[in-house]
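Note sheet for the following structure.
The values are calculated or read from the model by the stated rules, or taken from the named source; none is laboratory data. Since this is a predicted model, take the numbers as computed values, not measurements. FYI the Cβ positions are ideal-geometry reconstructions off the backbone, even for glycines, and counts take in every protein chain you see.
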Amino acid sequence: MKATAIANTNIALIKYWGKRDETLFLPMNSSLSITLDSFFTVTTVEFSKSFYKDIFFLNELQATDKESNKAFNFLNKVREFAGTNLHARISSENRVPTAAGFASSASGFAALAAAATRALGLQLSEKELSMIARQGSGSACRSIYGGFVEWQKGIRTDGKDSFAKQILNEKAWDISVLSVLLAAEQKKVSSTEGMKRTVETSPFYTGWLNTVEKDLEEAKEAINSRDFEKLGIIVEANTMKMHATMLGAKPPILYWQRGTIDVIQHIHKLRSAGIYVYFTIDAGPNVKVLCLPEDEKIVYESLLSLKDVQDVIICHPGSGIKYFE
Ligand code: 2P0
């Protein structure tokens, strides 16, 4: 009873920020992402009657208690779904800089959901798998699919209408996503805590909720018509708006560092010079830069010349979940 799955991570273009149910991981708003080809997690899960407890190895070392508890709590949900009480051995290799705003939890829980359910012999649709992955980490439900993906928030209290679906496959439109790595240290406020505090205390959160669904519609129109400029403008505005809600939280949350602002201003400069280039920032200091493949090289080299930039990793739209037998 063993299976291995590989999941790519994803970057949100229209952000998920805030939960309406913390146990079921139900979001306050719908979101939209691109699955990326360069960052992924490979996970093997084995269930056996001979295991007397769960164990989790992350990058070949035994995971910390915090990491292990998150994974085991998630396994409990999978076990309940499958009607089993077998213990498991999880072994994960994460090719994502952990907790630096590069959603490692997205690929991590997508791969864990896929490997665990396959190891238990469950035959699930992508929609069912997306709903299970969501209960490990919200953004994981989008990493089941390749290309451009929408997570519909749903309105039911049981979460049965809250899952992701592909809106355009990874081969249908190539764009470049440059991941700018500024700092790989652990962030101080987790996304989970950051969104909770924002929902509970920020007076700007209502403004977010009142406008985010319209942002999503605009982004979908831009994707369907392959209008890169329209997409870039709405993506950048949406990320700034999400960070503005956090600045209004009590106490305020600021994920940006000096280098973050340098990159933002650099993007503005490149745009003034006539290059179609835009940015998005998650719950961390690092910036993801969107540009057209024909401008990738010039944007890449100019970003590397900035003082606080440690590395730039070029990504393109990637595929959904894959299994190794
Ligand atoms: C996103 N983020 O849409 C947003 C934008 C960060 C900023 O989803 O609490 O690890 O496990 O559901 O999915 C990161 O948060 O949070 C995230 P939980 P998750 O990608």
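From the list Ala119, Ala114, Ala184, pick out the single residue that is surrounded by 15 or more Cβ atoms within 10 Å (Cβ to Cβ), modelled with pLDDT under 95 and more than 16 Å from the ligand (Cβ to nearest atom). If you could, list the steps in order and put the result at the bottom.
Numbers: Ala119 fails: modelled with pLDDT under 95; Ala114 fails: modelled with pLDDT under 95.
Criteria check complete, one pass: Ala184.
Every residue in the range 153-167 that is within 18 Å of the chain's Cα centre (by Cα) and either outside the structural domain of Gly18 (by TED's automatic domain parsing) or in a loop (DSSP other than H, G, I, E, B) (or both), please.
Quick first cut of the range 153-167, residues within 18 Å of the chain's Cα centre (by Cα) only: 153, 162-167.
Selection gives Lys153, Ser162.
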Can you find a residue that is within 15 Å of the ligand (Cβ to nearest atom), touching a Lys or Arg at 6+ places or on another chain (Cβ under 9 Å) and of a type outside the set (Gly, Ala, Ser) anywhere in the range 221-240? yes
Only one of Leu303, Leu290 that is assigned by TED's automatic domain parsing to the domain that holds Val180, in a helix (DSSP H, G or I) and either crowded, with 19+ Cβ neighbours inside 10 Å or β-branched (Val, Ile, Thr) (or both): Leu303
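Would you pick out the residues in the range 254-287 that are hydroxyl-bearing (Ser, Thr, Tyr) and part of a helix (DSSP H, G or I)?
Thr260, Ser272
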Quick one: count up the residues across the range 1-38 that are within 11 Å of the ligand (Cβ to nearest atom) and part of a loop (DSSP other than H, G, I, E, B). 9
Being within 16 Å of the ligand (Cβ to nearest atom), surrounded by fewer than 17 Cβ atoms within 10 Å (Cβ to Cβ) and modelled with pLDDT of 95 or more is true for just one of Lys171, Lys165. Which residue is that? Lys165
So which residues in the range 18-52 are over 24 Å from Gly232 (Cα atoms) and among the hydrophobic types (A, V, I, L, M, F, W, C)? Leu24, Phe25, Leu26, Phe40, Val42, Val45, Phe47, Phe51
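To keep it simple, each residue is scored yes or no on (1) surrounded by 22 or more Cβ atoms within 10 Å (Cβ to Cβ); (2) part of a strand (DSSP E or B); (3) outside the structural domain of Asn73 (by TED's automatic domain parsing); (4) within 16 Å of the ligand (Cβ to nearest atom).
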site: Ile132; (1), (2), (3), (4): yes, no, no, yes
site: Gly136; (1), (2), (3), (4): yes, no, no, yes
site: Cys141; (1), (2), (3), (4): yes, no, no, yes
site: Ile144; (1), (2), (3), (4): yes, no, no, yes
site: Trp151; (1), (2), (3), (4): yes, yes, no, yes
site: Val189; (1), (2), (3), (4): no, no, yes, yes
site: Thr192; (1), (2), (3), (4): no, no, yes, yes
site: Thr198; (1), (2), (3), (4): yes, no, yes, yes
site: Pro203; (1), (2), (3), (4): no, no, yes, no
So is Phe148 within 23 Å of Glu325 (Cβ to Cβ) and aromatic (Phe, Trp, Tyr) or not? no
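Taking the range 45-69 as the search range and keeping residues that are in contact (Cβ under 8 Å) with a residue 40 or more places away in the chain and crowded, with 20+ Cβ neighbours inside 10 Å, which one is farthest from Asn10 (Cα to Cα)?
Start the filter on the range 45-69 by keeping residues that are in contact (Cβ under 8 Å) with a residue 40 or more places away in the chain, which leaves 45-48.
Subsequent filtering for residues that are crowded, with 20+ Cβ neighbours inside 10 Å retains 45, 47.
On the way: Val45: 22, Phe47: 28 Å.
Ranking the candidates gives Phe47 first.
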When only residues in the range 1-44 that are within 21 Å of Leu120 (Cβ to Cβ) and of a type in the set (A, V, I, L, M) count, which is surrounded by the fewest Cβ atoms within 10 Å (Cβ to Cβ)? Met1
